[in-house]
1. Can you confirm whether A:Y189 is at pLDDT 85 or above, out of contact with any Pro (no Cβ under 8 Å at 6 or more places or on another chain) and farther than 22 Å from B:S11 by Cβ?
2. Considering A:A144, A:A102, which residue is part of a helix (DSSP H, G or I) and buried (at least 20 other Cβ atoms within 10 Å of the Cβ)?
3. Scan (1) touching a residue at least 12 places away in the same chain (Cβ under 8 Å); (2) over 16 Å from the mean Cα position of the chain (by Cα); (3) in a helix (DSSP H, G or I); (4) within 17 Å of B:H60 (Cβ to Cβ) for the single condition B:A240 breaks and write down its number.
4. Can you tell me which condition B:G51 does not meet? The list is (1) farther than 16 Å from B:I224 by Cα; (2) under 13 Å from the mean Cα position of the chain (by Cα), and all the others hold.
5. Quick one: A:S93 ticks every box in (1) under 26 Å from A:D28 (Cβ atoms); (2) of a type in the set (G, A, S); (3) touching an Asp or Glu at 6+ places or on another chain (Cβ under 6 Å) except a single one, so which number is it?
6. So, B:V261, is that one at the interface with chain A (Cβ under 9 Å from one of its Cβ atoms) and modelled with pLDDT of 85 or more or not?
7. Restricting attention to the stretch A:63-94, which residues are within 7 Å of another protein chain (Cβ to nearest Cβ), closer than 30 Å to A:V188 by Cα and among the small types (G, A, S)?
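The values are calculated or read from the model by the stated rules, or taken from the named source; none is laboratory data. Remember, predicted model here, so these are calculated numbers, not experimental data. Cβ placement follows ideal geometry from the backbone for every residue including glycine, while neighbour counts extend to all protein chains displayed.
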Amino acid sequence: MRRLLCLAFLLIASPVSAEQLVSGISQDLIQITSNYTGSDIVVFGAVEGDQTADSRSPRDVVVVVRGPDSDITVRRRDRVAGVWVNRDAANLSGMPAYYFLASTRPLKDIAPPDALTHYNIGLQNLQPDAVHSHHDYEPFRQAALRHLTKDRLYTETPGGVEFLSETLFRAHVPVPAEVTRGQYNVEVYLFRDGVVESAQSTPLFIDQTGLERRLFNFAHNQPFSYGLAVVAMAVIMGWISSLLFRRPA
Amino acid sequence: MEIYLPIAEMSVQWIVILSMGLGVGFLSGLFGVGGGFLLTPLLVFYGIPSGVAVATTLSHITASSISGAVAQWKKRAIDFKMAGVMMLGGLAGTGAGVWLFAIMRRAGQMDLVVSLTYVPMLGIVGGIMLNESVKTLRAQARGNAPARIHPTNHVWIHGLPLKARFRQSRLYISIIPPLVIGFLVGVMSAIMGVGGGFIIVPAMIYLLRMPTNVVIGTSLVQIIGVAVVTTMLQATSNYAVDIVLAAILVVGGVIGAQFGVRAGAKLRGEQIRLLLALLVLGVALRLLWGLVITPSDVYSIAGL
């Protein structure tokens with residue numbers, strides 16, 4: 001929420017005279033079907049406005065795709081009597097289930113660290129909304145970032161945004177098969193001199209469709225019948241197989 | 001070829017899942033164990049969320065156990081009375097297990113409790129079976145008569161009240177030990193997604209002194225009962241049963257189980273016990289290894 005407000009503020013606060021950002025996405029709805037193995041969306045856009053005014057300073061585009069908020073529990077194991085045991089834990093809520101960032105250059109070259117922190121941009125600036133922990137949660141947050149990056153749910157790709165011409169840019173966003181369903185937000189930022197000049201946010205929906213959707217609904221709306229269906233399937237298949245494979249005698 | 005699992009919310013290579021079902025089904029037909037203690041870790045290792053793996057493995061157990069049970073039933077190798085008594089204990093155990101499951105998961109000690117109970121249990125069971133089957137095989141190799149198991153080793157079991165006659169098993173014993181064994185296995189079934197055959201089978205042989213030929217069929221019937229109830233509980237309380245995953249596992253499982261039963265018919269009881277002992281010990285060692293080696297990352301994440 002805090003992040004959305006920040007974005008809204010940016011949009012309002014952008015000076016009207018400066019360059020404006022226009023962007024779009026190749027798909028605003030990703031449907032998960034039985035053969036879904038992940039997909040690829042394209043975020044594209046153009047920088048409109050006065051090009052000549054201050055063309056001497058470099059301008060940069062950052063594309064961020066954020067998944068729905070989720071709760072992450074991080075546990076730390078310690079050795080107790082020779083055995084590794086989960087001892088301390090931290091619950092980080094409000095971390096995105098998916099985070100993708102692409103930029104024209106490495107973030108550190110685009111804006112100073114405190115500016116990035118201020119705009120909430122970059123993996124290192126992902127902060128939970130609330131923390132449940134008896135300890136300093138920073139190592140736990142770092143562990144979450146590390147694990148999710150390994151699972152390719154968190155990605156930061158410097159150079160992932162390419163300018164096709166003076167004004168046109170494009171970025172490929174890989175959406176892995178393991179993504180959570182829900183509303184995603186595609187945010188595009190235009191930086192100049194380490195300051196956001198313009199920003200735009202577009203929602204992206206990821207949802208199941210067809211048979212998958214019906215099975216999911218069935219499991220959640222009629223769990224008892226669903227359970228019976230699974231049991232019946234198992235029983236019948238077991239029975240049929242024993243009929244098919246009669247003893248070779 | 002990949003297929004999307006609607007409840008696990010991920011894509012899997014269905015051929016890999018099918019192979020897991022086949023392999024574990026084969027072992028389940030061979031040994032009369034459900035194979036959950038192998039399949040659940042395999043699925044988790046593949047990347048299926050552990051809640052879904054635990055809940056869905058039970059369908060595979062149901063199907064391959066039914067397939068095996070029908071084959072045993074034709075051989076009249078099932079003691080339904082014994083299976084019924086154990087199932088009663090099992091249902092109570094399942095209820096307790098679901099309750100424990102919630103507590104342990106909240107505390108984040110799920111894996112630890114599972115490993116700490118598994119290692120000594122599997123270690124002892126596997127060790128006893130290995131020792132006994134090797135002795136029997138050696139005695140046979142020397143041409144001696146197989147060593148007889150003397151029921152007098154377990155006098156205390158015969159001192160318990162509530163005795164009943166189990167005709168198929170040629171036993172006249174108290175119903176308390178089968179009830180307790182059933183209960184313990186029910187708890188494990190809910191917590192770990194295992195049918196518990198690898199505990200029931202040795203318990204029937206070494207504690208209850210049931211004849212090996214009825215042990216497999218009887219344990220399968222007990223496992224089916226517990227697995228069906230646990231599937232229903234998991235479907236209604238946790239929404240964790242994935243029907244697509246279940247279907248793939250079941251197809252592999254039933255086919256594998258048929259070949260397993262056939263392979264088992266070619267082996268002698270003590271040979272089967274030797275192989276099962278090695279398998280059980282292998283799993284125990286694997287779990288022990290996981291407890292004592294230094295993890296590559298001491299942090300782990302859950303609940304995404």
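1. It is true that A:Y189 is at pLDDT 85 or above, out of contact with any Pro (no Cβ under 8 Å at 6 or more places or on another chain) and farther than 22 Å from B:S11 by Cβ.
2. When all the criteria are applied, what remains is A:A144.
3. Failing condition for B:A240: (3).
4. Only one criterion in (1) farther than 16 Å from B:I224 by Cα; (2) under 13 Å from the mean Cα position of the chain (by Cα) is unmet by B:G51, namely (2).
5. Of everything listed in (1) under 26 Å from A:D28 (Cβ atoms); (2) of a type in the set (G, A, S); (3) touching an Asp or Glu at 6+ places or on another chain (Cβ under 6 Å), A:S93 misses just condition (1).
6. No, not satisfied.
7. Across the stretch A:63-94, the qualifying residue is only A:S70.
So that you can scan it fast, the table gives a plain yes or no per residue for (1) part of a helix (DSSP H, G or I); (2) more than 9 Å from chain B (Cβ to nearest Cβ); (3) not β-branched (V, I, T):
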position: A:V173; (1), (2), (3): no, yes, no
position: A:V179; (1), (2), (3): no, no, no
position: A:V188; (1), (2), (3): no, yes, no
position: A:A199; (1), (2), (3): no, yes, yes
position: A:I206; (1), (2), (3): no, yes, no
position: A:E212; (1), (2), (3): yes, no, yes
position: A:A234; (1), (2), (3): yes, no, yes
position: A:G238; (1), (2), (3): yes, no, yes
position: A:L243; (1), (2), (3): yes, no, yes
